[in-house]
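Reviewing the structure listed below.
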Amino acid sequence: MIAWHMQKPDGELRPDTVLRIIMGSAPLSESSVAAFVAECSDVESSHSILIVVPSMQESAARLADFYGIITRSSNHVEDIQQKILEAIDEIFSPKRVEKKEIVSQPSKTQDNSQIPILIGMLYKKESDMLKTMQKTVELIEATNKRIEELAKKLVEKF
């Protein structure tokens, strides 16, 4: 992750732009994008760039777009530098500024037809996450029980 710092009105330094390059063999998933969104939110960055080699799932691309993340993908590592430059250029493009103003100032004439779909996606992700957390808790409890059993046996031997 690379961050270019800027000073906020309160005097605190915050990253203006956060860039992450993710390389893998499979298309990038929504969960990876969600993790990046959380990282960017934690540091309160103004702009976020995600460079992916080789590609990202369509649902991951929609999620990134929803959060205003500039994404670029390439099948070749050699293209990363060019993709970074393209993404940085997009930050300063007039279209991006207009889009950011629309997002920050919602109007009654905006098309909100995607909101139920996004809420459904978020609900499913939340449900999946809760199931994963429950399984994790069960595994931790089983591991703790096994550790207690082993500790008792160890005490009995000595």
Original post:
Among the residues of region 70-88, is there at least one that is at pLDDT below 85 and within 23 Å of the chain's Cα centre (by Cα)?
Top reply: yes
**OP:** Could you grab the pairs with beta carbons closer than 6 Å, sequence gap of 6+ or different chains, first residue in region 43-56 and crowded, with 21+ Cβ neighbours inside 10 Å, second one of a type in the set (V, I, T) and part of a loop (DSSP other than H, G, I, E, B)?
**Re:** S48/I69; L50/I69
**OP:** Filter the strands (runs of 3 or more DSSP E) completely within region 8-81 down to those with at least 2 residues that are over 21 Å from F92 (Cβ atoms).
**Re:** 13-23, 47-53
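The values are calculated or read from the model by the stated rules, or taken from the named source; none is laboratory data. Small disclaimer: the values here were computed from a predicted structure and weren't measured. Note that we place each Cβ from the backbone using ideal geometry, even for glycine, and neighbour counts take in every protein chain shown.
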